[in-house]
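Chemist: A single structure is presented below for examination.
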Amino acid sequence: MFETLKALNSDPILGLMASYREDTNPHKIDLGVGVYKDEAGHTPIMECVKRADALHHAAETSKTYVGPPGDPEFNQQMQNLIFGTDHAAIKANRIRTVQAPGGCGALRVGAELINRARPGAALWVSDPTWANHVPLLGDAGLEIKTYPYYDAASQGLKIDAMLAAFGQINARDLVLLHGCCHNPCGVDLNEQHWDAVAALAVQRGFTPFIDLAYLGLGLGLKEDSYGARKLAATVPELVLASSCSKNFGLYRERVGALSIMSANVPEADIVYGQMQNVARGIYSMPPNYGGALVGRILADPVLRKDWDAELTGMRDRINGLRAELAKKFQARLHSNRFDFIPHQRGIFSFLGLNKDQVQTLKSQYSIYMVDSSRINVAGISQQNIDYFCESVCAVL
Ligand code: LMR
């Protein structure tokens, strides 16, 4: 049977990890896969996570199943974190949240559920979007369509074209929006843009599906959740997948959540049962450990404050690097070619290099980035920033 299968190329993002590991150049720089790194190039376990881990082990008395919805404390805390405890939709009891194996698990359960409710529904994704969105969501049966988003010429947003496209979308369609820190381009919607999207969603009747994988790594927790909160206050139904990989540094523990807001409580209850049923049919129930830690951190005022401070440190480091990169490029090139970097958010930006330049950076300078020239800004440090800028200028 397996002789019918064809060999596949390695994943465009994950494949870079292996090539980087094999490279023996002491100056090598990994700007590929989207993980936060500290000044030492390390992806650390957050201090609040270590403390929550110790408390969790001391308190845990059983390894019995938690059930398809996952940890109830985690689910409630995630809902409050994303939407705000006093959000009208939470007060009206219209949101249901289930824990999922990472943001990917949440996206897939959301897509499967949409496909149950509306088989073959069209889901509009930004051009470009995270490469894995297409198989994750499309393989659930949804028809993937694209709307204009990133403007390579200005390294900004095609706002008019995007809103014009939304103005044509059917009521039966869904629109995938990056809640903050757009992956791969780093270009985010501002508050006025979100307001305009919300107005069009009401006018056209389409359903927003938000991917919130980098909450807290853009401008701040409140700022980064503006779009999710605004849409939840404006439209009748909404789907939101969130991840704790980056903001809690829990990548390999696979912690995510799927929140669905329904038009009323009876529908929310039905949706909740369906979400669990979808999960049961794919992986039965999510792993407990990471969600238990996040639930504990968010529920404990001291741990929560420490998490906030650590997250702020990560965010400040990324935004500081963005400003520094622009300055260093200005000084070397005497041009504003890279001035866009500090205006973008989160860990990703496109450098605007072609494939050959990206390839040369890899083969001659051991600098690894995705072929699209997407860099993970957090991979830069005081040790490598000059080498990085010089190398990029050399291939321009
Ligand atoms: C990325 O875009 O690099 C991250 O979201 C990691 C991944 O799984 O692709």
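Chemist: Is it the case that K37 is of a type in the set (K, R) and over 24 Å from the mean Cα position of the chain (by Cα)?
Modeler: no
Chemist: Which of the residues belonging to the stretch 3-23 are out of contact with any helix residue (DSSP H, G or I) (no Cβ under 8 Å at 6 or more places or on another chain) and either surrounded by fewer than 10 Cβ atoms within 10 Å (Cβ to Cβ) or of a type in the set (D, E, K, R) (or both)?
Modeler: Across the stretch 3-23, the qualifying residues are E3, T4, L5, K6, A7, L8, D11, R21, E22, D23.
Chemist: Inspect the stretch 116-133 for any residue being more than 16 Å from the ligand (Cβ to nearest atom), in a helix (DSSP H, G or I) and either among the charged types (D, E, K, R) or assigned by TED's automatic domain parsing to the domain that holds S284 (or both) and give the result as yes or no.
Modeler: Yes - at least one qualifying residue is present in the stretch 116-133.
Chemist: Another question about this same structure. Take the residues in the stretch 294-311 that are within 17 Å of T97 (Cα to Cα) and not small (G, A, S), then tell me which one is farthest from the chain's Cα centre (by Cα).
Modeler: R296
Chemist: Still on this structure, please answer the following. With the structure loaded, tell me whether A59 is at pLDDT 95 or above, surrounded by 21 or more Cβ atoms within 10 Å (Cβ to Cβ) and more than 24 Å from A233 (Cβ to Cβ) or whether it fails that test.
Modeler: No.
Chemist: Scan the stretch 1-23 and report the pairs whose first residue is under 20 Å from N183 (Cα atoms) and in the same structural domain as Q359 (by TED's automatic domain parsing) and whose second residue is at pLDDT below 90 and more than 14 Å from the ligand (Cβ to nearest atom), with Cβ atoms within less than 9 Å and a gap of 6+ or a chain change.
Modeler: Filtered contacts from the stretch 1-23: G15/N9.
Chemist: Something else: Which condition from (1) of a type in the set (G, A, S); (2) buried (at least 20 other Cβ atoms within 10 Å of the Cβ); (3) more than 16 Å from the ligand (Cβ to nearest atom) is the one that G102 breaks?
Modeler: Unmet for G102, out of (1) of a type in the set (G, A, S); (2) buried (at least 20 other Cβ atoms within 10 Å of the Cβ); (3) more than 16 Å from the ligand (Cβ to nearest atom): (3).
Chemist: Select from the stretch 21-58 the residues that are more than 13 Å from the ligand (Cβ to nearest atom), within 16 Å of M369 (Cα to Cα) and either touching a Gly at 6+ places or on another chain (Cβ under 6 Å) or not in a loop (DSSP other than H, G, I, E, B) (or both) and list them in ascending order.
Modeler: R21, E22, I29
Chemist: I've got another one for you. Restrict the check to the stretch 290-297 and report whether at least one residue is of a type in the set (V, I, T), part of a helix (DSSP H, G or I) and over 13 Å from C48 (Cβ atoms).
Modeler: No, because not a single residue in the stretch 290-297 is of a type in the set (V, I, T), part of a helix (DSSP H, G or I) and over 13 Å from C48 (Cβ atoms).
The values are calculated or read from the model by the stated rules, or taken from the named source; none is laboratory data. If you're wondering where the values come from, they're calculated on a predicted model, not measured in any experiment. In this analysis, Cβ positions are derived from the backbone assuming ideal geometry, glycine residues included, and neighbour counts consider all displayed protein chains.
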